[in-house]
1. Order these peptides, 154-162, 140-148, by their mean beta-carbon neighbour count within 10 angstrom, highest first.
2. Can you pull the one-decimal nm distance between simple spin-label points at Glu118 and Asp181, each 7 Å off the Cα toward Cβ?
3. Given a 1.4 angstrom probe, what's the average accessible area per residue across the range 2-246, in square angstrom?
4. What angle, in degrees between 0 and 90 and rounded to the nearest 10, separates the Cα long axis of helix 150-164 from the longest principal axis of the Cα atoms of the chain?
5. Among the lysines, select those whose C-alpha is under 23 Å from the C-alpha of Lys184, and discard any that sit fewer than 8 residues away in the same chain.
6. Pull up all non-local amide H partners of Gly175: gap of 5 or more, or a different chain, and H-to-H distance under 5 Å with H placed in the peptide plane.
7. If you take every DSSP beta bridge fully contained in the range 20-138, what fraction is antiparallel? Give it as a percent rounded to 5.
8. Quote the FRET efficiency, to the nearest 0.05, computed for Arg74 versus Asp161 with a Förster distance R0 of 41 Å and r equal to the Cβ-Cβ distance.
Amino acid sequence: MKVVAVYSVKGGVGKTSAAVNLAWHASQKHRTLLWDLDPQGGATFLLGVKPKQKAKADVHALVKGKTDLADVVRSTEDKKLDVIPAHDSYSALDVELDGTKRPERQLDKMLASLSKHEVVVLDCPPGMSLLSEAILRAADVVVVPLVPSPLAMRSLDQVTDMVTDMKKGRPKIVGFLSMVDRRKTIHRDVADRLPQESKHVIDVAVPASSMVEKMGVERAPISTFAPRSVPAKAYGELWKGVRSALSL
Ligand SMILES: Nc1ncnc2c1ncn2[C@@H]1O[C@H](COP(=O)(O)OP(=O)(O)OP(=O)(O)O)[C@@H](O)[C@H]1O
Ligand SMILES: [Mg+2]
């Protein structure tokens with residue numbers, strides 16, 4: 001099982017949009033699970049999960065091992081794509097992890113109950129916490145969306161510093177440009193420079209586009225309703241980069 005975490009300390013940079021589209025691409029070939037770790041439940045919503053399909057088990061039962069992760073998996077309209085929907089109690093995930101012996105190993109332990117899935121995509125809430133440590137520990141690859149501003153490098157550096165500080169089990173880092181508006185000089189400059197300057201940034205730019213926002217209306221991955229659009233192709237390229245980092 002390969003684990004891809006879509007993570008950034010920053011909020012609103014395109015993590016959930018990328019997670020849903022990456023999971024869809026992965027599921028074209030591999031049995032894939034998207035775990036929505038954000039109590040906001042954005043990925044759950046975008047995959048069209050109905051309220052009555054929402055996970056019943058709260059995070060306490062999952063962290064304490066009273067409920068297996070495998071028991072809260074739901075199917076989606078795509079045959080090979082499953083989801084673990086977000087649960088309101090995920091806002092207490094950090095506190096629950098803190099109550100375990102080795103918090104940073106806990107997600108790994110929970111994921112071990114899954115046997116059917118080849119790829120697991122984690123849609124992570126923003127921020128830096130015990131949960132982020134556990135996420136980075138569980139991940140083989142961490143995908144970091146970078147909105148091209150002077151702050152983009154900072155958010156990439158924050159992730160690379162966290163990974164460098166890890167004693168073992170360091171994930172590979174795959175940064176990509178997110179919400180790129182080429183009409184803005186600063187976006188053009190950063191988008192052209194960053195993939196050349198950082199070994200952690202691949203040459204993939206998802207443009208700022210209303211097509212990506214439309215996922216919220218269609219409640220579906222972009223390739224299912226606009227497969228030829230520029231952002232759909234960019235997410236396809238992003239998956240190729242992630243797949244290669246996963247050696248799949
Ligand atoms: N490439 C894009 N072009 C235009 N809008 C986008 C793009 N990517 C994401 N958005 C929109 O920006 C908002 C935030 O995106 P998204 O939820 O993917 O970010 P996030 O990093 O997961 O946010 P959060 O930190 O709140 O979880 C959403 O309304 C989404 O539709
Ligand atoms: Mg999100």
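1. So the order, starting with the most tightly packed, is 140-148, 154-162.
2. Output for this residue pair reads 4.0 nm.
3. I get 47 Å² per residue for the range 2-246.
4. Long axis of 150-164 versus the principal axis of the chain: about 40 degrees.
5. Cross-link targets: Lys10, Lys15, Lys214, Lys233.
6. HN-HN under 5 Å from Gly175: Val144, Val201, Ile202.
7. Values: 2 of 11 bridges.
Percent antiparallel among DSSP bridges in the range 20-138 is about 20.
8. It comes out at approximately 0.70.
The values are calculated or read from the model by the stated rules, or taken from the named source; none is laboratory data. Treat the numbers as computed from the prediction; the structure is a model and nothing was measured. Glycine also receives a Cβ, built like all others from the backbone with ideal geometry; neighbour counts cover every protein chain displayed. For the accessible areas, the whole protein counts, side chains as well, though only heavy atoms, and no ligand, DNA or RNA atoms are used. Shrake-Rupley method; radii C 1.70, N 1.55, O 1.52, S 1.80 Å.
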